[in-house]
Amino acid sequence: AEFAPDMFLSVSFLKGVQYIHIRQFYRNTKGQMQPSYIGAVFTEKRFASFLTILPELEAHYNQYLNTLPTESFEFHVGGGWIVIIDADSSQTDIRKFFPARDGTIRPSKKGILIELDTFRNLADRIYQLLSVEPRLRDIVPCFKEHSTEATCYECLPFNQSWNASTQFDASLNT
């Protein structure tokens, strides 16, 4: 479902696994819409984790609309995917991060920037998806399934020293 010009929320299946995409599309030479590399793709567990922060993302959206100052917000949804709202920006960045050689955690080129003024449309499409696929509401995020994150790649994708309070170097977004 389209939530902004050329930006779609969609569902796909590959080898029996369901994936939820937030993706930018483009028109090919024949004028047909095709998915681009710009976007985020979540497994069901990552999407369930994303759903846990959706109310907080909506609160940031509402603060933005009311021109109230907002705080920066970072949340790891699993497997190195981070959702970031910068207090000085009008964008939500959903991006895959990776451990750099120097020990910092850096953004990759995989991801998508969503303007906060179009975020409400994305949230509406997510709620529509949940009404069509109600079982997605019942999926338990990975971090709620176990007592320790120490051996879980979804929860601890970079190395054993990373934790939820780690600051991400988002200065290299491309």
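Points worth noting:
- If the condition is being open to solvent by 30 Å² or more (accessible area, probe 1.4 Å) and free of Cβ contacts under 8 Å to residues at least 40 places away in the same chain, then segment 46-60 contributes Pro55, Glu56, Ala59.
- Residue list for segment 66-96, restricted to those being of a type outside the set (A, V, I, L, M, F, W, C) and open to solvent by 50 Å² or more (accessible area, probe 1.4 Å): Asn66, Thr67, Pro69, Glu71, Ser72, Glu74, Asp86, Asp88, Gln91
- Of all residues in segment 24-74 being small (Gly, Ala, Ser) and more than 19 Å from Lys109 (Cα to Cα), the one that is farthest from the chain's Cα centre (by Cα): Gly31
- Here Gln63 fits the description: open to solvent by 50 Å² or more (accessible area, probe 1.4 Å) and not in a loop (DSSP other than H, G, I, E, B).
- For Ser131, the requirement of being under 26 Å from Gln18 (Cα atoms), in contact with a strand residue (DSSP E or B) (Cβ under 8 Å, 6 or more places away or on another chain), at pLDDT 85 or above and surrounded by fewer than 16 Cβ atoms within 10 Å (Cβ to Cβ) is not met.
The values are calculated or read from the model by the stated rules, or taken from the named source; none is laboratory data. Everything numeric in this text was worked out from a predicted model, so none of it was measured. Neighbour counts run over all protein chains shown; Cβ positions are idealised from the backbone, glycine included. Note: areas computed on protein heavy atoms with side chains; ligands, DNA, RNA excluded. Shrake-Rupley method; radii C 1.70, N 1.55, O 1.52, S 1.80 Å.
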